[in-house]
Structures are given as structure tokens and as C-alpha cells.
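Read the structure below first, then the notes.
Readers should treat all values here as calculations from the given coordinates under stated rules, not as data from a laboratory. Predicted, not measured: the structure shown is a model, and the values here were computed from it. Quick reminder, even Gly has a Cβ in these numbers, built from the backbone with ideal geometry, and neighbours come from all protein chains shown.
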Amino acid sequence: MFLLFGLLGLISVRLFENELFYDPFLFFFKSEFQKKPLPEINYFLLFINLFFRFVLNTFFSLIIIYVFFNDIKIVRFAACLFLIISILLLVVFFGILYFLNQPDYLVLFYIRRFLIQPLLLILFIPAFYYQKISR
């Protein structure tokens, strides 16, 4: 039941991304972006929306991790990793956007991808599984 809730939550965040979140990069990265200038960006709105989306993905990811491992210590550790990684990625993402006149679009694309997609969940599940069986 909780697994279904977590999966449906992650799917819903992805399906309704256009309606739920301000992200000028959604359309920018779907086009031939290499030759285009960056879109107009409201940095505050973008930060709030990226952060909120990351928090939603993290919430649903932690539910899924709990279902798989049934261990609150693993969930706490994963939550700490999510927090540290989110801070790091947000600082780097906005640092690149704000301080570089011509940022590398692929670097922005991949950092943003880690912020808006549950890629960390895909990395953490095998890592925690391996750690659990090797004990």
C-alpha cells in the first residue's frame, strides 16, 4: 500500500510538473537549447519550485526506501543524504546560473535533472541493499 502511494506520488509529480512548478527550463531543455540564450528566469520562484519539487520527490522516495528496507535508520541516513545533496546541488546550480555569463548548458541540465527527478532513489536502493546483505 505504501509502495503504491510512493510510486503514484513520484509519477504525479512528473505528470503534473507543468501545472505545479515554475520552471522555465522545462521547455528550454526540450528544444535545441545549445544555440539559444538562457530563458528569462525569476531566481526566487525557480529556487522555491526546485526546492519544493525536490522535497516532494524526497518524501515519496523515503516512503519507498522504508517499504523496501523496513529500517528507520536507513531512512534517517537517506534523509540526511538527500538534505546534503540537495543543498550542494542547489548551491552549484544557482551559482552557475548567477555567476557565469555563458554557463555550460549540459552541466545545468544534469544538475537540474538530479534536482527534479528521483535519480537518487535509483542510486540509493541498490546501495542500501548491498550494504544490508554485506553485513
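Roughly what angle does helix 119-133 make with the longest principal axis of the chain, taking Cα atoms, 0 to 90 degrees, to the nearest 10?
Compared with the principal axis, the helix lies near 30 degrees.
Looking at region 28-57, which trypsin sites (Lys or Arg not before Pro) are in a loop (DSSP not H, G, I, E or B) and have at most 13 other Cβ atoms within 10 Å?
Lys30
By count of other Cβ within 10 Å, fewest leading, how are Ser86, Ser12, Ser61, Ser134 ordered?
So the residues, fewest neighbours to most, are Ser134, Ser12, Ser86, Ser61.
Mind giving me the nanometre distance, one decimal, between the label points for Ile11 and Ala79, set 7 Å out from Cα along Cα→Cβ?
Going from the Ile11 label point to the Ala79 one covers 2.7 nm.
Calculate the length of the line joining the C-alpha centroid of region 58-72 to that of region 80-135, in whole Å.
Measuring centre to centre over Cα atoms gives 18 Å.
If I model a spin label as a point 7 Å beyond the Cα along the Cα-Cβ vector, how far apart are those points for Phe2 and Tyr22 in nm?
Output for this residue pair reads 3.5 nm.
Which residues does the label zone of Val67 cover in region 1-36, counting backbone N under 16 Å from a point 7 Å along Cα→Cβ?
In region 1-36, the label zone of Val67 (backbone N under 16 Å from the point 7 Å along Cα→Cβ) covers 1-14.
Can you compute the FRET efficiency between Ser31 and Tyr110 using 1/(1 + (r/R0)^6), with r the Cβ-Cβ distance and R0 = 22 Å? Round to the nearest 0.05.
0.80
Can you sort Glu40, Glu17 by how many other beta carbons sit within 10 Å, fewest first?
Lowest count first: Glu40, Glu17.
Measure nothing fancy, just the Cα-based angle from helix 105-116's long axis to the longest principal axis of the chain, in degrees from 0 to 90, nearest 10.
40 degrees
In vacuum, with every alpha carbon of region 2-133 counted as one equal point scatterer, what does the Debye formula give for log10 I(q)/I(0) at q = 0.12 Å⁻¹? Two decimals, please.
Debye intensities relative to I(0), on a log10 scale: -0.51.
If I fit a long axis through the Cα atoms of helix 2-15 and take the longest principal axis of the Cα atoms of the chain, what angle between them do I get, 0 to 90°, rounded to 10?
Tilt of helix 2-15: around 10 degrees.
Once phi is turned into θ = phi - 60°, what whole-Hz ³J(HN,Hα) does the Karplus curve with 6.51, -1.76 and 1.60 give for every residue of region 56-73, x standing for Gly and Pro?
Values per residue, Gly and Pro as x: 4, 4, 5, 4, 5, 5, 5, 4, 5, 4, 5, 4, 5, 10, 6, 9, 5, 5 Hz.
Just to check I understand the Karplus step: with θ = phi - 60° and J = 6.51 cos²θ - 1.76 cosθ + 1.60, what whole-Hz values come out for region 25-41, glycine and proline as x?
Along region 25-41, the couplings run 7, 4, 7, 4, 7, 7, 9, 7, 7, 4, 9, 9, x, 4, x, 5, 10 Hz.
Rounded to the nearest 0.05, what FRET efficiency do Ile125 and Asn42 have when you use their Cβ-Cβ distance and R0 = 30 Å?
Rounded to the nearest 0.05, the efficiency is 0.30.
Given Cα pairs under 8 Å that are at least 6 residues apart, what percent is the relative contact order of region 2-133?
Averaging sequence separation for qualifying contacts and normalising by length gives 30 percent for region 2-133.
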